[in-house]
Amino acid sequence: MEQVISLSIKKILKITFKDKALRMIINQPLEVAKKSDSVDLKITVLGGGLSGQAGAIKHGLSRALTLIDPNTKDSLKKNGFLTRDSRTVERKKYGRQKARRSFQFSKR
């Protein structure tokens, strides 16, 4: 699932991310860096669900803002926007149906 966001970000965010909380997550780095009106964006997101995509956009946007203006790095880091979520999918093990789920056990 590929989604492209370009400014006018407010219109496109309402179409792509209908949930107000997800739109707020995406706008947080822009508000903290005080650049919500002065930056044009073109964002491409692949895979995952809407919440994961919103988190990925927030992280990527924060990193891009630090490249544009290094003075914003401290405020973005203090708010935790530059920290990557390191959780990944656990691999499937042999002898099991999924990573942790076992095959159905039959006594007889």
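Taking only the Cα atoms of the chain, how large is their convex hull per residue, in Å³?
149 Å³
Hey, can you rank 17-24, 34-41 by average C-beta count inside 10 Å, highest first?
17-24, 34-41
Of Gly60, Phe81, Ser102, which is farthest on the positive side of the dipole of the range 54-108, counting Cα position, with +1 on Lys and Arg Cβ, -1 on Asp and Glu Cβ, and the Cα centre as origin?
Final value for the positive-end residue is Ser102.
Stretched out fully, how many nm does the piece from Phe103 to Lys20 gain, at 0.36 nm a residue minus the Cα gap?
25.8 nm
Could you give the size of the charge dipole of the chain about its Cα centre, using +1 on the Cβ of each K and R and -1 on the Cβ of each D and E, expressed in debye and rounded to the nearest 20?
1000 debye
Determine the calculated [θ] at 222 nm for the chain from helices alone, applying -39500 (n - 2.57) to every DSSP H run no shorter than 4 residues and normalising by the residue count; nearest 500 deg cm²/dmol.
That comes out to -13000 deg cm²/dmol.
Can you tell me the orientation of helix 50-68 relative to the chain, as the angle in degrees between its alpha-carbon axis and the longest Cα principal axis, to the nearest 10?
40 degrees
Can you return the aspartates and glutamates within cross-link range of Lys42? Criterion is Cα-Cα under 14 Å, with same-chain partners fewer than 8 residues away left out.
By straight Cα distance, Lys42 reaches Glu2.
Read-outs throughout are calculated quantities, based only on the coordinates presented, and are distinct from any laboratory measurement. Here the structure is a predicted model, which means the values were calculated and not measured. Neighbour counts run over all protein chains shown; Cβ positions are idealised from the backbone, glycine included.
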